[in-house]
């Protein structure tokens with residue numbers, strides 16, 4: 001594997017870097033950290049970038065620390081925000097911290113020797129830190145002029161909303177995190193998104209002034225979309241890492257629907273296990289035949305596999321084949337219950353009472369569920385060949401729905417036209 005900085009540079013994962021950082025990483029095993037803000041009980045795909053930075057760091061032989069911001073979460077980071085956000089209660093923050101911690105444990109190695117990962121919570125060192133102690137031990141080392149010069153501060157002060165003292169002090173709180181980790185964990189490097197640069201260098205400045213020590217930093221670019229939309233957002237909201245919030249199918253679809261321009265950047269950033277030569281070959285082949293969208297398929301498979309595992313990735317692919325491809329009736333009959341459980345998060349669902357099996361015809365059921373507007377419409381569309389059940393066309397509107405339709409004794413799938421699918425659950 002290439003040295004860490006070279007590896008991250010070809011992947012497009014470095015924007016700002018403090019002089020001496022590469023030399024420090026080349027010289028010795030270095031402890032480095034990234035902070036994660038517990039504003040929700042799950043991280044989203046924007047958080048994959050800092051997670052992958054920590055994973056790359058550990059693979060290169062260095063020690064990663066993931067800081068869950070129990071204290072900073074109570075303050076609110078002004079970076080990139082146009083207005084102050086609502087502060088979360090301590091109870092909600094505790095719940096969120098636990099969710100974030102469990103997710104981070106999936107990606108980092110915590111039992112691999114001297115460079116084993118650690119998770120820390122800055123509430124542990126702030127909970128007994130009095131206000132007077134803070135302004136004496138931290139505030140006296142950083143001038144107001146220095147704090148005012150930060151872009152995150154200037155943008156807010158120039159806007160209509162202004163900035164509260166709470167948010168103004170955020171960079172000091174984050175700076176103290178770096179100082180505390182430097183002093184107690186020998187942590188010499190902080191990484192983060194490019195919007196964090198001002199907060200990060202405040203930490204290096206505090207370390208320099210309080211200890212006469214040297215600390216380092218680099219940031220990665222904020223991920224953007226070619227069409228100007230916000231990365232990780234869809235019409236249905238955030239793309240979360242928690243499968244209960246974003247199903248593996250929808251997660252897979254997000255990457256599969258990436259534009260050519262985005263996919264060429266994202267495959268370098270988000271595919272940890274693909275080497276440079278292979279990625280360049282995939283991109284080159286895509287340029288020859290972009291209509292095949294093999295680049296997007298490679299991206300979607302790799303990231304879904306990494307986050308949700310082989311099984312969920314495979315099921316997400318098969319659901320996509322059902323909805324957008326040409327999965328066979330035989331394949332559908334051989335699917336396991338997990339396929340249908342995930343499918344219920346991917347397409348519109350309806351239910352049918354088991355007592356109706358053998359007692360209701362297809363046209364009546366389509367009208368009852370409003371899949372079609374009326375029984376008359378249902379008859380016309382069925383007779384025209386526009387309805388399939390379990391991938392098999394049904395042309396008799398008086399076909400009785402019975403147990404022979406059920407897959408895994410619980411589900412069947414109604415298809416209207418080419419792309420409209422409905423999962424029916426028998427209760």
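Per-residue extension of 0.36 nm, minus the Cα-Cα distance of residue 260 and residue 326, leaves a gain of 21.4 nm for this segment. Beyond 15 Å, the tail of the calculated P(r) for the range 1-47 holds 60 percent of the Cα pairs. Once the convex hull of all Cα atoms in the range 337-426 is built, its volume per residue stands at 83 Å³. What would the Debye equation give as log₁₀ I(q)/I(0) for the range 233-325 at q = 0.12, 0.16, 0.22 Å⁻¹, counting only Cα atoms as equal point scatterers? These q points yield log10 I(q)/I(0) values of -0.35, -0.64, -1.15. Computed over the range 176-267, the P(r) tail beyond 21 angstrom holds 52 percent of alpha carbon pairs. When the Debye formula is applied to the Cα atoms of the range 303-348, each taken as the same point scatterer, what base-10 log of I(q)/I(0) results at q = 0.14 Å⁻¹? For the range 303-348 at q = 0.14 Å⁻¹, log10 I(q)/I(0) is -0.32. Look at 7, 167 and count the other Cβ atoms within 10 Å of each Cβ; fewest to most, that gives 7, 167.
Averaging Cα coordinates gives a centre for the range 317-372 and one for the range 284-311; these two points are 27 Å apart.
Going by how many other Cβ atoms sit within 10 Å of their own, how do 268, 155 line up, fewest first?
Taking fewest neighbouring Cβ atoms as first place, the list is 155, 268.
Over the range 275-378, the fraction of Cα-Cα pairs per 10 Å bin, rounded to whole percents and listed from the shortest bin up, is 12, 27, 30, 17, 9, 4, 0.
Take the alpha-carbon centre of the range 1-60, take the same for the range 110-124, and report the distance between them in whole Å. Result: 15 Å between the Cα centres. Entry note: the range 210-263 has Rg to Rh equal to 1.23, where both radii use alpha-carbon atoms and Rh is the Kirkwood radius.
Taking other Cβ atoms within 10 Å as a rough exposure proxy, 339, 251, 134 sort from fewest to most as 134, 339, 251. Computed per residue of the chain from DSSP H runs no shorter than four, each worth -39500 (n - 2.57), the mean residue ellipticity at 222 nm is -13500 deg cm²/dmol. If R0 is 45 Å, the Cβ-Cβ spacing of residue 140 and residue 231 corresponds to a FRET efficiency of close to 0.70.
Taking the alpha carbon gyration tensor of the range 4-220, multiplying each eigenvalue by 5 and rooting it gives semi-axes of 25, 20, 18 Å, largest first.
Subtracting the Cα-Cα distance of residue 27 and residue 374 from their residue separation scaled by 0.36 nm leaves 117.5 nm. For the chain, the alpha carbon convex hull comes to 179 Å³ per residue, rounded to a whole number.
For the range 100-143, state the semi-axes of the equivalent ellipsoid (square roots of 5 times the eigenvalues of the alpha-carbon gyration tensor), sorted largest first and rounded to whole angstrom.
Value: 33, 13, 9 Å, ordered largest first.
Could you let me know the centre-to-centre spacing of the range 179-204 and the range 222-274, using Cα atoms, in angstrom? Rounded to whole Å, the Cα centres lie 28 Å apart. If you wrap the tightest convex hull around every Cα atom of the range 156-315 and split its volume per residue, you get 184 Å³.
Each value in this text was obtained by applying a stated rule to the coordinates, not by laboratory testing. Everything numeric here is computed off the predicted structure, so don't read it as measured data. Positions of Cβ are generated from backbone atoms using ideal geometry, with glycine treated the same way; all protein chains shown enter the neighbour counts.
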